[in-house]
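Here the structure is laid out as structure tokens; the discussion comes afterwards.
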Amino acid sequence: MTSRSPLPPPPPPVEIRTWPDRDALLRDRALILGELVKMFINPARLGVLWMWAGTAALGWSLAGSAFLMFEDAYDVLGWIPGVVCLAVGAAVLVPAAVLMAVGVARDLRVHRLLVEWGGLDRDPAGDRALRRPRASLAWLLMSFTLCATGLFGCVAVPATARAGQETYGLVAWLMGLGLLAWVTGLTGLVKAFAHRRWVLRVLVGAPADPLVTVDG
């Protein structure tokens, strides 16, 4: 979820604004909002989010394999492969989790800039391209599917463990994967609703109800 593109600065305070007229302000506003919307809701950003989530899942899978090895080990030597898998898994999981957290923090800054720049003025005709209803819907549907799958895994796996069908190591591994899926899906859902709320409140000026229909 990280990006090398630098974020634009916030709009200047009222007392030092130098736009010669409203048309110049709207041009700068449209240019910056267009870049910010791409940073926030572009479908490629969803792919980046899922990429880091998949990397974190790979790291957790290696750690889960270590748990299973520990359960099957008969002596100290039998723990060695598990320790190696656990170390490799942590080396993959921790950086991926950190980068996901960095991406979320960056998204918060992008959304704050969207609110600040969008609040400078209204341009109903020019702002139609910023609504991105298809991109927002893609984020919503794919994130909801992933979130529901992860939540189901977190609930169903302990039930099978209570029935004696799974070992503790396998339960921890599967629940960890379910939790990663749930957190990733929830992150995407929050972004989809945040963009919808921004469109309604800042661009349209309607009540912040995500179920309200907006043309475009």
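Residues considered: Arg22, Arg27, Arg106, Arg17. Of these, the only one that is out of contact with any Phe, Trp or Tyr (no Cβ under 7 Å at 6 or more places or on another chain), of a type in the set (Lys, Arg) and within 19 Å of Val183 (Cα to Cα) is Arg106. With respect to the stated conditions, Thr167 is modelled with pLDDT under 70, open to solvent by 20 Å² or more (accessible area, probe 1.4 Å) and more than 18 Å from Ala135 (Cβ to Cβ). Residue check: Val157 meets all listed conditions (1) within 22 Å of Met69 (Cα to Cα); (2) open to solvent by 50 Å² or more (accessible area, probe 1.4 Å) but one, namely (2). Can you spot a residue in the stretch 103-126 that is under 22 Å from the mean Cα position of the chain (by Cα), in contact (Cβ under 8 Å) with a residue 40 or more places away in the chain and on the phi > 0 side of the Ramachandran plot? No: zero hits.
Residues that are in contact with a helix residue (DSSP H, G or I) (Cβ under 8 Å, 6 or more places away or on another chain) and of a type in the set (Asp, Glu) were ranked within the stretch 116-125; the one that is nearest to Pro9 (Cα to Cα) is Asp121. Note on the stretch 59-74: among residues that are free of Cβ contacts under 8 Å to residues at least 60 places away in the same chain and not in a loop (DSSP other than H, G, I, E, B), the one that is most open to solvent (accessible area, probe 1.4 Å) is Asp72. Scanning the stretch 1-54 for residues that are charged (D, E, K, R), open to solvent by 40 Å² or more (accessible area, probe 1.4 Å) and either without any contact (Cβ under 8 Å) to a residue 40 or more places away in the chain or within 17 Å of Leu108 (Cβ to Cβ) (or both) yields Arg4, Glu15, Arg17, Asp21, Asp23, Arg27, Asp28, Glu35, Lys38. Being over 24 Å from the mean Cα position of the chain (by Cα), open to solvent by 50 Å² or more (accessible area, probe 1.4 Å) and at pLDDT 80 or above: is that true of Pro133 here? For Pro133, the condition - over 24 Å from the mean Cα position of the chain (by Cα), open to solvent by 50 Å² or more (accessible area, probe 1.4 Å) and at pLDDT 80 or above - is not met. The criterion of being out of contact with any helix residue (DSSP H, G or I) (no Cβ under 9 Å at 6 or more places or on another chain) and either open to solvent by less than 70 Å² (accessible area, probe 1.4 Å) or assigned to a helix (DSSP H, G or I) (or both) does not hold for Arg128. Among the candidates Leu179, Leu189, the residue that is open to solvent by 80 Å² or more (accessible area, probe 1.4 Å) and in contact with a Cys (Cβ under 8 Å, 6 or more places away or on another chain) is uniquely Leu179.
The values are calculated or read from the model by the stated rules, or taken from the named source; none is laboratory data. On a predicted model such as this, the values are computed, not experimentally measured, just so you know. Because the Cβ atoms are built from the backbone with ideal geometry, glycine has one as well, and the counts that use them run over all protein chains shown. Surface accessibility is based on the protein's heavy atoms, side chains included, excluding ligands, DNA and RNA. Shrake-Rupley method; radii C 1.70, N 1.55, O 1.52, S 1.80 Å.
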